[in-house]
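Asker: Take a look at this one; I'll ask things after.
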Amino acid sequence: MPSDSPRVFPAGALRGLVERLFTAAGCGPEDAAVAADVLLEADLRGYGTHGLLRLPMMIRRIQSGMIDPRARPRVTEEREASALVDAGRALGPVGVLYGARLAARKAARAGCCAVGVVNADHICMAGYYAEHIAREGLAGLLMGVVQPLVHPLGGGERVLGTNPLAIALPGEDGRPLLLDFATSEIAFGSVLRAKARGERLPPGAAVGPDGRPTTDPAEAAAGAVAPFGGHRGYGLSLFMGLLAGPLLGAKVGKPLGQAVREGRYDKGELLIAIDPAAFGDPGEFRRAAAVHIREVKGSRKAPGAPEIRIPGERGFAERERRLREGVPIDAAVWAEVASLAGELKVSLPG
């Protein structure tokens with residue numbers, strides 16, 4: 001096998017490795033398991049830019065003190081249908097899963113609930129948390145803000161985040177319906193992965209430090225990625241940054257970027273949970289949604305199109321395949337993880 005070929009591992013072996021690495025870095029068993037599960041879910045669904053690739057950064061932030069591996073999120077403001085959670089510099093998955101669980105519990109009583117989570121680190125896969133709410137029988141939404149990596153429409157420098165949006169609905173068959181995307185043309189992790197692989201970026205996906213379009217990932221890493229969909233994606237990114245940032249008392253734009261450089265991730269996530277029972281029969285909602293999904297998938301295909309898929313469908317299918325056949329990890333990512341494991345004296349899977 002060429003040295004740059006992906007390594008393939010059983011999902012359980014990867015999860016165990018990531019748990020051991022987080023534990024060796026100082027996390028408690030429950031928090032290590034939560035973080036490992038989020039990273040693995042991203043790789044299982046083919047979202048390599050938000051999976052194991054993020055692990056070394058998270059460990060280094062623990063070692064630097066930017067992340068407190070023993071932090072316990074706490075509610076600082078609360079009403080019947082809302083809450084604000086200070087994650088206390090916790091791992092992103094730990095802080096935001098706490099917020100998702102809280103939103104689901106409160107929405108089951110109040111009909112709906114909005115929960116803001118601040119002072120948590122990178123959350124990896126945004127859809128994981130909305131999906132957690134959906135698996136409780138509720139509709140779940142997540143809006144997030146990250147440090148500037150995206151230029152505005154008509155601009156050439158970083159002032160917006162790749163600000164993700166995730167929406168999950170309970171499905172009739174028990175599997176949620178999931179929409180999960182960043183508001184940038186490509187994820188910034190795609191820039192880093194293309195740079196590591198020596199690949200080019202798609203035209204129109206990024207600009208270099210001079211503000212001119214580029215397909216060179218090294219130039220894009222020093223420049224900015226583009227918002228998706230022209231003025232629509234630009235506007236969505238802008239407003240989600242305001243909802244997940246200043247609305248929650250968190251930072252947005254260049255002040256957030258400065259905070260990250262100083263070792264503080266002063267960002268926010270806004271979670272919303274909605275109980276279908278607040279509006280009628282939850283079973284009827286799931287049935288009606290399933291009928292419309294079948295209508296969409298069964299509609300006339302465009303010439304040459306093999307099928308009509310709904311958001312999240314590819315990821316769920318890929319998850320099932322990788323659970324059977326193993327999870328491929330890029331050689332460069334694996335080399336960094338293996339080096340980290342050696343440093344922390346953690347055994348690697350055979």
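Asker: For residues in region 195-219 being assigned to a loop (DSSP other than H, G, I, E, B) and aliphatic (A, V, I, L, M), which is farthest from Pro164 (Cα to Cα)? Can you show your working first?
Answerer: Taking region 195-219 and keeping what is assigned to a loop (DSSP other than H, G, I, E, B), we get 198-205, 208-212, 214-216.
In the following step, the residues that additionally are aliphatic (A, V, I, L, M) were identified as 201, 205.
Values: Leu201: 20, Ala205: 17 Å.
Filtering region 195-219 for residues that are assigned to a loop (DSSP other than H, G, I, E, B) and aliphatic (A, V, I, L, M), the one farthest from Pro164 (Cα to Cα) comes out as Leu201.
Yes/no matrix, rows are residues, columns are (1) without any contact (Cβ under 8 Å) to a residue 60 or more places away in the chain; (2) assigned to a helix (DSSP H, G or I):
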site: Ala221; (1), (2): yes, yes
site: Leu236; (1), (2): no, yes
site: Met240; (1), (2): no, yes
site: Val252; (1), (2): no, no
site: Pro255; (1), (2): yes, yes
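Asker: If you don't mind, there's one more thing I want to ask. From the list Ala302, Ala332, Ala338, which residue is without any contact (Cβ under 8 Å) to a residue 12 or more places away in the chain and in a helix (DSSP H, G or I)? Spell out the reasoning first.
Answerer: On the way: Ala302 fails: in a helix (DSSP H, G or I); Ala332 fails: without any contact (Cβ under 8 Å) to a residue 12 or more places away in the chain.
Sole residue among the options that is without any contact (Cβ under 8 Å) to a residue 12 or more places away in the chain and in a helix (DSSP H, G or I): Ala338.
Asker: Continuing with this model, one more query. Which pairs have Cβ atoms under 7 Å, sit 6 or more apart or on different chains, and link a residue in region 198-216 that is surrounded by 12 or more Cβ atoms within 10 Å (Cβ to Cβ) to one that is outside any loop (DSSP other than H, G, I, E, B) and of a type in the set (D, E, K, R)?
Answerer: Gly208/Glu219; Pro209/Glu219
Asker: Scanning region 14-48 for residues that are in contact with a strand residue (DSSP E or B) (Cβ under 9 Å, 6 or more places away or on another chain) and either in a helix (DSSP H, G or I) or hydrophobic (A, V, I, L, M, F, W, C) (or both), which turns out farthest from Glu343 (Cα to Cα)?
Answerer: Leu44
Asker: Identify all residues within region 49-73 that are assigned to a helix (DSSP H, G or I) and more than 23 Å from Ala194 (Cα to Cα); write none if there are none.
Answerer: Within region 49-73, the first condition is being assigned to a helix (DSSP H, G or I), and the residues that meet it are 49-50, 52-64.
Listed by number, the residues that qualify are Arg61, Ile62, Gln63, Ser64.
Asker: Now a separate question. Among Gly268, Gly342, which is the only one that is modelled with pLDDT of 95 or more, within 27 Å of the chain's Cα centre (by Cα) and small (Gly, Ala, Ser)?
Answerer: On the way: Gly342 fails: within 27 Å of the chain's Cα centre (by Cα).
Of the residues listed, the single one that is modelled with pLDDT of 95 or more, within 27 Å of the chain's Cα centre (by Cα) and small (Gly, Ala, Ser) is Gly268.
Asker: How about region 74-83: which of its residues are surrounded by fewer than 20 Cβ atoms within 10 Å (Cβ to Cβ) and not in a loop (DSSP other than H, G, I, E, B)? Explain how you work it out, then say what you get.
Answerer: Residues of region 74-83 surrounded by fewer than 20 Cβ atoms within 10 Å (Cβ to Cβ): 74-82.
Listed by number, the residues that qualify are Arg74, Val75, Thr76, Glu77, Glu78, Arg79, Ser82.
The values are calculated or read from the model by the stated rules, or taken from the named source; none is laboratory data. None of these values were measured; they are calculated from a predicted model. Neighbour counts run over all protein chains shown; Cβ positions are idealised from the backbone, glycine included.
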